[in-house]
Amino acid sequence: MAKVRIHELAKELKMNSKDLVVRLRQMGYTVKNHMSTIEEKDIIAIRKRLRPDGRKDKKGKNAAPQQPAEDAEAKEKDFRKRAQQRKEELRQKKEQNKRKIMAKVDTPFRSRTKRKRKDYQRTVLEDTEPKKIIIEDKITVQELANYLHVNGSEVIKKLIDLGVMASLNQVIDSETATLVASEFGVDVEVQDEIVELEAALDDEPDRPENMRSRPPVITVMGHVDHGKTSLLDYIRHTDVTATEAGGITQHIGAYQIEVKGKKITFLDTPGHEAFTTMRARGAQATDIAVLVVAADDGVMPQTVEAINHAKAAGVPIVVAINKMDKPGANPDIVKQQLTEYGLVAEEWGGTTICVPVSAKKGTGIDQLLEMLLLVAEMEELKANPKSLARGIVIEAELDKGRGPVATVLIQKGTLQIGDQILVGTSSGKVRAMHDFKGRRIDQALPGVPVEILGLSQVPAAGDFLYAVYEEKLARQIAEKRYEKKRQIENVIPEKVTLEELFKQIKEGKVKELNLVVKADVRGSVEALIQALEKMGDQEVRINIIHSGVGAITETDVMLASASNALVIGFNVRPDVNAKKAAEIPKS
Ligand code: GDP
Ligand code: MG
């Protein structure tokens, strides 16, 4: 079929070729530039439409029958409409293809029915050969194979080449998936829906005029038995209001005192375990660390650990040289030892504040508190109380009567009753708030520890709290996070019979020891996990497949039995069903 270039047609129509390109595009033709060609059949239509009204062909013979202007306009409209439709069709098709690739399976395969599974595979396989796939952060081997349009075993082979042993329904991370895909010549784009949703949580920068000073948050750290608990207890009772008649001091993992009209917040959680756990989760709750060193014992391993944690976090350290009442107390030896770790006492020309105290007798505590205020002042701790509330979970537990209860340190903004909140994998509405004395409060300002009721689940220590405008956003993010967590937890490792477990560990055959960890409060769970994970070495990797707050339940036992795990309980008992389940001999 004959074709005509646009610039030729433009000449014929006595138009500028640029204008013609524009006109043609408006009419729904795909034209690049004036060098593009047009099919003859189209030219007739174009000629008809673009020839100026009333103008006839020079010879008056070949002139197109002149159409009423309205008619021409209607036709053009119609044409444009069809062009628009075609465009929309193409767009939808493209989107559908994209969606097919993105159609990530929400639940692991084994929980789907066979039929559904087949359907799913068919959708993917019908697709054209992919050069680029879009996956979410975590993906099972089978899903990846589906995306790549290859057999699952081929993916497993590639994984083995990469040194990764995985079965079909095992979850691999996006990095590994990317490597495998590249072996098949396919690019991977990691699309994390959660990350996209979470972007909505980003705050506007705070205006300087809204910044107000807030109380410093203090963590007490140090070696076991050097007097952390005693010091915290003593300080708690220095505040008259804390012990006033009728004021029930209850344990919520944090408390506040007032010194010279200024507030100080103390985190009352298991020492640096909590500190480290929170840091590991990217949360920093502490402004100043009080390092407790017993004057009769000096710097010990956990003292050094505490120093390192505080330094790594960039948190200023104030040293409390404790047990000064003891006969063998020697603060100079402590100061001497501390210099080895870069902490030089002020009186020795350094910058580290050292205060001799006795948590038992109460001596030196006032001075310690004053020093804390001084350091806090130097740190210029400020927060914007006018924004949506932001905070960190200090500890959380499941209360039989009240449901999930979380102690949260508010870091920014003001949390109010009725606020929609998102905390880790949990969401909800603040139903009630209590301060550390158990008194009901309506709002909590920055620096204030507060107990919250109204969450859908028990969050984890170190989880961030976000107050949000939309309930839906909080719920969506919480659900997505939960789904993701479940998916990771659902990985079934290779089977190892329980009887042979220890024998195999000894023989070095077992590379992984699976554990289910349950404890009475979140803080303990976190501490336990930390301790257990540390116990793992190069020979045996400790793998915590599940952890939680509360009694050991039947599901815990089921999960453990399904993955050859041991159940470890701390301050909790198995419930009746769990006991029964555990007694059933393995078939
Ligand atoms: P933590 O493990 O660091 O929390 O230490 P604790 O606060 O539990 O104290 C350990 C032991 O040291 C307890 O028996 C306390 O009574 C004792 N203790 C704590 N502070 C002092 C102190 O200032 N003087 C004396 N004599 N004993 C103390
Ligand atoms: Mg203690």
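The values are calculated or read from the model by the stated rules, or taken from the named source; none is laboratory data. What you see is a predicted model; the values in this text were computed from it and never measured. Note that each Cβ is placed from the backbone with ideal geometry, even for glycine, and that neighbours are counted across all protein chains shown. The accessibility values were calculated without ligands, DNA or RNA, using every heavy atom of the protein model including side chains. Shrake-Rupley method; radii C 1.70, N 1.55, O 1.52, S 1.80 Å.
One table, with the values for the structure above:
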{"item": "Among residues of the stretch 336-373, those that are more than 12 Å from ligand 1 (Cβ to nearest atom), aliphatic (A, V, I, L, M) and touching a Phe, Trp or Tyr at 6+ places or on another chain (Cβ under 9 Å), counted", "result": "0"}
{"item": "Options K506, K485; residue that is open to solvent by 50 Å² or more (accessible area, probe 1.4 Å), under 28 Å from V164 (Cα atoms) and at pLDDT 70 or above", "result": "K485"}
{"item": "Number of positions in the stretch 256-312 that are away from ligand 2 (no atom under 16 Å from the Cβ), modelled with pLDDT of 90 or more, β-branched (V, I, T) and under 29 Å from V423 (Cβ atoms)", "result": "5"}
{"item": "Count of residues meeting criterion [of a type outside the set (A, V, I, L, M) and closer than 16 Å to F266 by Cα] in the stretch 287-312", "result": "1"}
{"item": "The stretch 335-354, residues that are open to solvent by less than 20 Å² (accessible area, probe 1.4 Å), of a type in the set (V, I, T) and within 19 Å of M300 (Cβ to Cβ)", "result": "T352"}
{"item": "The one condition in (1) open to solvent by 30 Å² or more (accessible area, probe 1.4 Å); (2) out of contact with any helix residue (DSSP H, G or I) (no Cβ under 7 Å at 6 or more places or on another chain) that V408 fails to fulfil", "result": "(1)"}
{"item": "Pairs with Cβ under 9 Å, 6+ apart, first in the stretch 161-175 and on the phi < 0 side of the Ramachandran plot, second open to solvent by less than 70 Å² (accessible area, probe 1.4 Å) and among the aromatic types (F, W, Y)", "result": "L168/F109; N169/F109"}
{"item": "Criterion violated by G401 - all others in (1) farther than 30 Å from N322 by Cα; (2) in contact (Cβ under 8 Å) with a residue 60 or more places away in the chain; (3) assigned to a loop (DSSP other than H, G, I, E, B) satisfied", "result": "(2)"}
{"item": "Residues being part of a strand (DSSP E or B) and under 37 Å from the mean Cα position of the chain (by Cα) - total across the stretch 335-357", "result": "2"}
{"item": "Single residue of the stretch 514-542 satisfying the filter (in a strand (DSSP E or B) and at pLDDT below 80) that is surrounded by the most Cβ atoms within 10 Å (Cβ to Cβ)", "result": "N514"}
{"item": "Residues that are buried (at least 21 other Cβ atoms within 10 Å of the Cβ) and assigned to a helix (DSSP H, G or I), drawn from the stretch 317-334", "result": "V334"}
{"item": "Restricting the stretch 358-398 to residues that are in a loop (DSSP other than H, G, I, E, B) and within 16 Å of ligand 2 (Cβ to nearest atom), the residue that is nearest to the chain's Cα centre (by Cα)", "result": "A359"}
{"item": "Number of the condition not met by V290 [criteria: (1) within 35 Å of the chain's Cα centre (by Cα); (2) open to solvent by 60 Å² or more (accessible area, probe 1.4 Å)]", "result": "(2)"}
{"item": "Close pairs (7 angstrom Cβ cut-off, 6 or more residues apart or separate chains): more than 14 Å from ligand 1 (Cβ to nearest atom) in the stretch 310-333, modelled with pLDDT of 95 or more and open to solvent by 30 Å² or more (accessible area, probe 1.4 Å) anywhere", "result": "V318/M371"}
